[in-house]
Amino acid sequence: MQTDPVMKEKRLEPKAWIVLLVSGLYGGADALCGLFVSVYLWVNSHDFGVVCAHYLALYIVIPFFFLLSGWYSQVRDRLHVYRLGLAMHAVYYAALLVLRERAPEYAVYLGAFLGVTWGIYHAGANTFNYDMTSKGRREYFFGTLHSVIGIFRLLAPPIGGLIIYLSPGDHLGFQIVFGLVVCMYLACFVLSFQIPSDNERRPYRIRKALFPTREHRDWRLIMLASSTMAGAYHIFGFLLGLLMFIETGNEAAVGGFGSLQAIAGITTAYIAGRIVTQRTWKRSIQFAVIILVSAGLSVVTHLSITTLILFGFLRSIAGPLFAIPHASLRFDTISRTVDHPAERIEYLCAWEVPLAIGRILMMLTLMTLYYSFPDNNLGIRLGLFLLCSVRILTYLIIRRTSPLQAQ
């Protein structure tokens, strides 16, 4: 009896499930704490500029350590940078535990340290995601990955919010949550020993990945599009959590808001991971752009609990619809561009540079809008709408890639 070839594509290697589990735990830890870091800084400073400065420092530092970690992964082992990134995440939250109400005084330094941490961790994580997939399995892998992370993110925010809300005093709840997250990162560190190492020494040719020639037109377009994707990669997450807290003054409401977004994201990722194929990449991305721009329109005239919930819901649907085909397109483009599979690390790291530039520009724009209007609320609304609208530019760029032009 022959195995259905379609079913073959829906199976993952055993080690891929370890990567999914570690990614899920990491995503849960990030949701448990990442959603509340901006709230924590706000509670102790009541200054939007402090929160923005923290994340601006983060975005400035990331690309340098991404490139450095990529070099180390090539000359030594990708697992080393992955584990170091996990350990440094634990150190970051341990620092928040120690600093307590003094954390805003060190917001820029904490942001820079988190940038180092992110650059190191994601250089390893992106390599694993690439290595655990192959053409025909990528949509299924990314759909499953988004679903697993979504499940952890569904459970983590309300748990963290309730702990903070029910704990006596202004800081005990945050300390408990940060302590739990340190334990989760340590668990990820232990599980990482089940992932196979790759310690073959290789040259690190980052220049051709950073500055592709005309011959590699598709990769040039992917790199250009990366600079327009700031909102999807983190800015929305911290900003929405902070805005919900400002509107409600309730950490439990922030946790519930995070769970609502997770439910929408899980459902969409599960379905998209099973129905999106290379033939439907373009259509899926089009739907994602329309939904995200609609989300921006929902808050441009009025910011309230209701419009924030609607924005979060629409944004969570648009996320997987865009991310699954885009990640598959990016990985397939890398596969077609590299001279040798080992060069994947250079391309994965190079993609983060224009993304970081886009993040920095959007954060500076958001801060400028916030301080340019007497009504700061208006500046934030315009910033959210701009972050959503830029996705139209992303689509106009990537639709010119060969796979999408053929559709």
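Bear in mind that the values in this text are calculations on the coordinates, not laboratory data. Owing to the predicted nature of the structure, the values given are computational and were not obtained by experimental measurement. Using ideal geometry, Cβ is built from the backbone for each residue, glycine included, and neighbour counts are taken over all protein chains shown.
The ranking of Thr307, Thr267 from fewest to most other beta carbons within 10 Å of each one's beta carbon is Thr267, Thr307. Rounded to the nearest angstrom and listed largest first, the equivalent-ellipsoid semi-axes of the stretch 35-95 from its Cα gyration tensor are 29, 14, 6. Relative to the longest principal axis of the Cα atoms of the chain, helix 14-29 runs at roughly 20 degrees. Considering only alpha-carbon pairs that sit under 8 angstrom and 6 or more positions apart, the relative contact order computed for the chain is 25 percent. Evaluating 6.51 cos²θ - 1.76 cosθ + 1.60 at θ = phi - 60° for every residue in the stretch 394-400, the Karplus couplings come out as 4, 5, 4, 7, 6, 5, 7 Hz, glycine and proline recorded as x. Packing order of peptides 348-361, 275-288, 94-107, highest average first: 348-361, 275-288, 94-107 (average count of other Cβ atoms within 10 Å over each peptide's residues). With angles folded into 0 to 90 degrees, how steeply does helix 35-45 sit against the dominant principal axis of the chain? Use alpha carbons for both and round to 10. So the inclination is approximately 30 degrees. Helix 78-99 axis versus longest C-alpha principal axis of the chain: approximately 0°, rounded to the nearest ten. The phi torsions of the stretch 340-355, fed into the Karplus equation with coefficients 6.51, -1.76 and 1.60 and a -60° offset, translate into couplings of 9, x, 5, 6, 4, 4, 4, 6, 5, 6, 4, 4, 6, 5, x, 4 Hz, rounded to whole numbers, with Gly and Pro shown as x.
Over all pairs of different C-alpha atoms, the stretch 290-396 has a mean inverse distance whose reciprocal, the Kirkwood radius, equals 15.8 Å. By the equivalent-ellipsoid construction on the alpha carbon gyration tensor, the stretch 211-268 comes out with semi-axes of 37, 14, 5 Å, ordered largest to smallest. By the helix-only formula, in which each DSSP H run with n ≥ 4 contributes -39500 (n - 2.57) and the sum is divided by residues, the chain has a 222 nm mean residue ellipticity of -26000 deg cm²/dmol. Building the convex hull from the alpha-carbon atoms of the stretch 338-401 and averaging its projection over directions returns 5.3 nm².
Once backbone amide H atoms are built at 1.01 Å from N, Arg202 has Val75 as its partners under 5 Å, excluding neighbours fewer than 5 places away on the same chain. Its residues counted as N, the stretch 135-279 yields a C-alpha radius of gyration over 2.2 N^0.38 Å of 1.38.
Compactness of the stretch 55-155 was expressed as the Cα radius of gyration divided by 2.2 N^0.38 Å, which yields 1.24.
Projected over every direction and averaged, the convex hull enclosing the alpha-carbon atoms of the chain yields 19.3 nm². The stretch 182-196 and the stretch 355-407 have Cα centres separated by 35 Å. Placing R0 at 30 angstrom, the Cβ-Cβ distance between Tyr165 and Leu99 gives a FRET efficiency of 0.90 after rounding to 0.05.
Extending 7 Å from Cα along the Cβ direction at Leu378 and again at Ala342 yields two label points whose distance is 5.9 nm.
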